[in-house]
Structure formats: C-alpha cells, structure tokens
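All of the numbers you see were taken from the coordinates with simple rules; none came from a lab. Computed from a predicted model, the values in this text were never measured in an experiment. Virtual Cβ from ideal backbone geometry, glycine too; neighbours counted across all protein chains shown.
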Amino acid sequence: MHTQRMAVSVSVLALLTLAACGTESGSGSGSGDGSDTVQSDVPVTGVAWSVDSLTVGGKKTEAPAGSRLEIDPKGRAKAGFGCNHIGADARVEGDRIIFGKPVSTQMACDETTEKAEKAALAAMDGEVTAKLSGEKLTLTTEGGDTIALSEEKPAGLVGTRWAVNTLLSGETATSVPADLPKERVPHLTFGKDGTVHGNSGCNSFHGKAAVKGSTIDFGPPAGTRKMCPEAEMEVERAVLAALDGPATYTIKGSTLTVTSKDGKGIGATATPAESEGTQEHG
C-alpha cells in the first residue's frame, strides 16, 4: 500500500484547559516574609505553544510551519511537526519540567520534518529548565539543548483556511496520509455568510454551516463527483462524515477540532490561504 497511517490515541487531539499553577498562600497566618508561600510552577500547562526552533548538539533546526507542543495538566506532553505524533509523560516542578521517555508514531516524513522530529525526541527526554519571557518560552536541557516556543493565539473559525490532518472516529484518531497529492489534502474555510467550502480529499464541496456558540450545524454538502484512488476516497468519506448535521467545535491555538454527534470528527490546522481559488466552490 502506497500510504502509511497509524492510529493513535484520541488524546493526541485532546484540547487542554488552562491549568497553570499560581502562587498561593500557605495555611498558616503568614509572617509577611514569604516563608509560607507555595512555590509557583512556570505557567506552561494548558497552553498551545508553537515550536519556533530546536537546538540539539549546538545545531539549530527551524521547526516546520504548524509545529506545536502542549503539556496537559494531567501530566502528558504532546508534540507534532506535521507528520508524526510525539508523546511523553511530563511533570512541572517550579521552573523544571521532567519528561519521561518520548514515543512517536512511525510514519515516513519529508527530510525537514524528520530532522525536526529527531531533534524534539532528543530534547524531550529527561529534565529541562523552563524560562518564560512574555509570550516566549525556552526549554533548556541539562546538556544545553533548547526548544524555542511562542504562545499561540487562537485562530478565528471564520475566514481561516483549515487543513485537515487528523480523522477522528470514536476513541481513536488517525493521521491523514502524508503522501496525498497537494491538491487533494482536505481543507475547509468557513464564511461570514454561514457557509463552508473546501476540498474533502478528492472533490471540492460547499454547503451551509450555521455557527452558534460552540456548535456548528452543517447542511448537506454539494460539490464535484470525481473518483480518486481509494486512499483519497477513504479520507473523503471520513471528512464528509464529520461535516454532517450538528457538531461541536473547539479551537486551541492554530488547531481546530470538529466532532459530530456520532463521534466522527476531524482535527485541522490553520494554514495560509494562498492556494484557495474559485474552483473550490465547484
């Protein structure tokens, strides 16, 4: 089979709530000298971080666009660079983060992405120091390797071109094949007029999408009716199943998750819209 996919835990797409520990007073009456103050953890959990670069062994690697790292309040770190999913246990203690041995899915990636993933696996192994400066975060290992990150601001649902990279089905999440032709990578854009259009993996489509609060009510899509190789048709069926009727959505940084009432869903990343064209509405 010319594509390779690997199912991963749906927790890969779990969108996190802010759970940064703040400074709080101890149970005593307090002497005013700070001696009864509980140490604060650096507020890095529950935040969507964009990975800017990684420096391992003195060699700096620029991270591919859309690279992300999150540390969930339950003690799990998740990173992605556009191909494989990387996960590791993570515990925050003051300005230190202790990572467990990282594990990764094993899809074949392009050379740039593979280089970034290897650098991340090396840096996310053991104890690091976390230094926060405004919206910038630097993680430094004991050996001097670093991961430079920036806090992501939530992308807007409407007007953003969302590239679909993950397919949800109940308890599992499956990566969209990395070797799909560029023009067949599924994506969608929501309009201010309550519509949605894009490509579902083979065919372009458009339809109604009424947004209210955290829900989207999708109308039946219309579009082209081309036939494509089975791998692309399989992706298309999964995408369209998620965009059928009422669904809930969440946005964390540049990541959108849409889940229908029957558990079918998609995970997508905000991307530049230069490849949009009028043909998408066909």
Quiz item: Taking Lys101 as the anchor, which lysines have their alpha carbon closer than 19 Å to its alpha carbon, excluding any fewer than eight residues away along the same chain?
Solution: Lys74, Lys78, Lys115, Lys118
Exercise. With a ≥ b ≥ c taken as the square roots of the eigenvalues of the C-alpha gyration tensor of the stretch 168-282, please select rounded if a/c is under 1.5 and otherwise prolate if a/b is larger than b/c or oblate if it is not?
Key: rounded
Quiz item: Taking +1 at the Cβ of each Lys and Arg and -1 at the Cβ of each Asp and Glu, which of Gly223, Ala241, Ile251 sits farthest along the dipole of the stretch 206-256 towards its positive end, judged by Cα position relative to the Cα centre?
Solution: Ile251
Quiz item: Among the aspartates and glutamates, which have Cα under 20 Å from the Cα of Lys208 when same-chain residues fewer than 8 positions away are ignored?
Solution: Asp193, Asp217, Glu236, Asp244, Asp262, Glu276, Glu280
Practice problem: Output ³J(HN,Hα) for the stretch 187-196: one whole-Hz value per residue in order, computed from phi by the Karplus curve 6.51 cos²θ - 1.76 cosθ + 1.60 with θ = phi - 60°, and x for Gly and Pro. | Solution: 7, 8, 9, 8, x, 5, 8, x, 10, 9
Practice problem: Excluding residues on the same chain fewer than 8 positions from Lys136, give the lysines whose Cα lies under 16 Å from its Cα. | Solution: Lys153
Quiz item: With the radius of gyration and the Kirkwood radius both derived from the Cα set of the stretch 46-86, what is their ratio Rg to Rh?
Solution: 1.01
Quiz item: Just in the stretch 73-163: which trypsin sites (Lys or Arg not before Pro) are loop by DSSP and have at most 13 other Cβ atoms within 10 Å?
Solution: Lys74
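State the three equivalent ellipsoid semi-axes of the stretch 103-148, derived from the C-alpha gyration tensor as the square roots of 5 times its eigenvalues, in descending order and whole Å.
Listed largest to smallest, the semi-axes of the stretch 103-148 are 23, 13, 9 Å.
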Quiz item: Is the stretch 82-226 best put as rounded, prolate or oblate by its Cα gyration tensor, with a ≥ b ≥ c the root eigenvalues, rounded for a/c under 1.5, and otherwise prolate when a/b is larger than b/c, oblate when not?
Solution: prolate
